[in-house]
Amino acid sequence: MNSRALREARIDQNAISANVAALRTLLGTPHFMAVVKANGYGHGAVASARAAVEGGADWLGVIDSKEAAPLREAGITAPILTWLHGRSDTFLEAAALDLDVGVSTIDELDRAARARVRHIHIKVDTGLGRNGAEESHWSEVLDRAGTLERSGGPIVRGIFSHLANAGDEADAAQLAAFDRARQLAASAGLTPEIAHIAATQAALTRPESRLDLVRIGLGCYGLSPFPGIGPEVFGLRPAMELSAEVVSVKRVPAGSGVSYGHRYRTKRETTLALIPLGYSDGIPRHASNSGPVLINGERFTVAGAIAMDQFVVDVGDSPVAVGDRAILFGDPASGAPSATEWADAAGTINYEIIARLGSRVEYRSVGGGA
Ligand SMILES: *Cc1c(COP(=O)(O)O)cnc(C)c1O
């Protein structure tokens, strides 16, 4: 058993592989993209990508070449799609790494052609309002892509869009718009092999959105995007456990003020335990006085303000000692609070809780070959 770090994000690679395998079976699409952007949603990009491929992902997704490079350097050969580019990106690195480039504009298309990118996916905005060609530009972009493809330029391997998850009606309108874009692509002489629009939420709830490929981020890491519906309902289990060692305990009298602003005051004589994790480590300050913590199998709550480096837990008369492990979130099946509970405590979503860990948190992998 490897030793535990003072601040530790323990990543269960087997959970990622098993989540991907479960989702592949459940969703049944010909292709499955594991989205490993943002350092694998805080789980480590390379290790997560390996575990996802092990579980059956045949595509990987990141935002750009910078995120893709470490995957290629690690010897990962699966196709990788990128979709968020600055105007100074020449796509030369994308071409060198043999990445599939998602293009939204004529300018991106031309840059990809100049860089001799092998495969592109045309991104169309069907109502999210982010990138992707807007409908008034679809013909122009698709025609140009067709011309380039026929003259030996990038092959249009895919056409894709992204949903706003703004309700049944809005999603249906986006899916209908996506159909129009696919028809226009055909009129432009294009035959993209892969059409894709669904991320975790739509893939799980709208079978008609699954198409040829689903782009799954959150689900791979074992979390549910639905309030009130846990991941276990879909056969998923959280891959990350965030914990730290208790670094100090002290007995204090009733009426003691705790942390900045004394936003917490002890009701009786009690023990305060100090946890060396704060908002610079990604622990949301908004969860002051409310974030859950498990120590020695017992659940407690953050006492007072979460500071930059540390927070306090009031453990009452429980025999908590320096060196005990405080688990902030993990797999609820093990008794740990969930990342979703922290999100609820902080008024945010579980995506943000896992993806925002700071650099002082050390990673430990368990399971898998990584
Ligand atoms: C982040 C992202 C995804 C994955 O979303 P999840 O909700 O985590 O599954 C899919 N597609 C695009 C374009 C994304 O930016």
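The values are calculated or read from the model by the stated rules, or taken from the named source; none is laboratory data. Owing to the predicted nature of the structure, the values given are computational and were not obtained by experimental measurement. Neighbour counts run over all protein chains shown; Cβ positions are idealised from the backbone, glycine included.
Residues that are under 19 Å from the mean Cα position of the chain (by Cα), part of a helix (DSSP H, G or I), in the same structural domain as GLU193 (by TED's automatic domain parsing) and away from the ligand (no atom under 16 Å from the Cβ) are absent from the stretch 73-90.
For the stretch 199-213, the set of residues classified as hydrophobic (A, V, I, L, M, F, W, C), more than 8 Å from the ligand (Cβ to nearest atom) and outside any helix (DSSP H, G or I) consists of LEU211, LEU213, listed by residue number. For the stretch 248-273, a residue qualifies if it is of a type in the set (Ser, Thr, Tyr), assigned to a loop (DSSP other than H, G, I, E, B) and touching an Asp or Glu at 6+ places or on another chain (Cβ under 8 Å), and exactly one does: THR266. Take ALA166 and tell me if it is outside any helix (DSSP H, G or I), more than 9 Å from the ligand (Cβ to nearest atom), surrounded by fewer than 23 Cβ atoms within 10 Å (Cβ to Cβ) and assigned by TED's automatic domain parsing to the domain that holds ARG50. Yes: the conditions hold for ALA166. When ALA345, ALA321 are checked against the criterion of being modelled with pLDDT of 95 or more, among the aliphatic types (A, V, I, L, M), within 30 Å of THR200 (Cα to Cα) and surrounded by fewer than 22 Cβ atoms within 10 Å (Cβ to Cβ), ALA345 stands alone in meeting it. Number of residues in the stretch 35-72 that are within 14 Å of the ligand (Cβ to nearest atom), within 17 Å of ALA21 (Cβ to Cβ) and assigned to a loop (DSSP other than H, G, I, E, B): the value is 3. Restricting to the stretch 185-198, name every residue that is within 13 Å of the ligand (Cβ to nearest atom) and either hydrophobic (A, V, I, L, M, F, W, C) or not assigned by TED's automatic domain parsing to the domain that holds LEU60 (or both). Within the stretch 185-198, ILE197, ALA198 qualify.
Report whether or not GLY291 is surrounded by 21 or more Cβ atoms within 10 Å (Cβ to Cβ), of a type outside the set (A, V, I, L, M, F, W, C) and under 25 Å from ALA254 (Cβ atoms). Yes.
The single residue among LEU272, LEU277, LEU213, LEU218 that is under 16 Å from the mean Cα position of the chain (by Cα) and among the aliphatic types (A, V, I, L, M) turns out to be LEU218.
Out of ASP125, ASP179, ASP143, ASP171, one residue alone is within 27 Å of ALA22 (Cβ to Cβ) and either within 16 Å of the ligand (Cβ to nearest atom) or more than 23 Å from the chain's Cα centre (by Cα) (or both). It is ASP171. Restricting attention to the stretch 1-44, the residues that are buried (at least 19 other Cβ atoms within 10 Å of the Cβ), small (Gly, Ala, Ser), more than 30 Å from GLY323 (Cα to Cα) and within 16 Å of the chain's Cα centre (by Cα) total 2.
Look at GLY323 and say whether it is in contact with a Gly (Cβ under 7 Å, 6 or more places away or on another chain), in contact (Cβ under 8 Å) with a residue 24 or more places away in the chain and under 15 Å from ALA244 (Cα atoms).
On the way: in contact with a Gly (Cβ under 7 Å, 6 or more places away or on another chain): no; in contact (Cβ under 8 Å) with a residue 24 or more places away in the chain: yes; under 15 Å from ALA244 (Cα atoms): yes.
No.
Take the conditions surrounded by fewer than 22 Cβ atoms within 10 Å (Cβ to Cβ), without any contact (Cβ under 8 Å) to a residue 60 or more places away in the chain and outside the structural domain of ILE349 (by TED's automatic domain parsing) and apply them to ALA181. Does it pass? The answer is no for ALA181.
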